[in-house]
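Structure first, commentary second.
Throughout, read-outs are computed from the coordinates displayed, never taken from laboratory work. Please read these numbers as outputs of a predicted model, since none were measured by experiment. Note that we place each Cβ from the backbone using ideal geometry, even for glycine, and neighbour counts take in every protein chain shown.
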């Protein structure tokens, strides 16, 4: 699981750098931008999972409380930052994957695209679930 996270991180990191070069933008804090994107998708998955469980089980969940939701999302953001920046772990990840990037580029891009697509499909399915479980429908 950690290897997949590392691949997704590195693929998005390379994409951020490439987009900065294409648009002649500054590459200030590219790692931070990548972690924010990863944290956003992780938080979306977290909230969606809890919402679907709450809807399916017809019970209140921690999503019903704004404070618990904020604490949960903050924990996810913190965990993503720790996963990348703790003891400068990003250096090991980037060094390890940059060596094999040419050979495994397509595999990494496919894994990243599949993760992003799965997240979008998961949100769409959750919305459909809520439409069918709304009282009065």
Relative exposure of 15, 1, judged by other C-beta atoms within 10 Å (fewest first): 1, 15
Percent RCO, i.e. relative contact order, over the stretch 2-133, from Cα pairs under 8 Å lying at least 6 residues apart: 39 percent
Correct choice for volume of the Cα convex hull per residue in Å³ that was computed from the model, options (i) 96; (ii) 186; (iii) 138: (iii)
Helix-only CD estimate at 222 nm, as mean residue ellipticity for the chain, using -39500 (n - 2.57) per DSSP H run (n ≥ 4): -30000 deg cm²/dmol
C-alpha long axis of helix 66-85 to longest principal axis of the chain, angle in °: 20 degrees
The chain: angle of helix 89-133 to the longest principal axis, Cα-based, in degrees nearest 10: 20 degrees
With Cα atoms, 0 to 90° folded angle of helix 30-57 axis to the chain main axis: 20 degrees
Efficiency of FRET between residue 57 and residue 87 - r from beta-carbon atoms, R0 41 angstrom, step 0.05: 0.55
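What FRET efficiency would be calculated for the residue pair residue 95, residue 40, taking the C-beta separation as r and a Förster radius of 30 Å, to the nearest 0.05?
On the way: r = 26 Å, r/R0 = 0.86.
It comes out at approximately 0.70.
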Distance in nm between pseudo-label sites at residue 107 and residue 125 (7 Å out along the Cβ direction from Cα): 2.6 nm
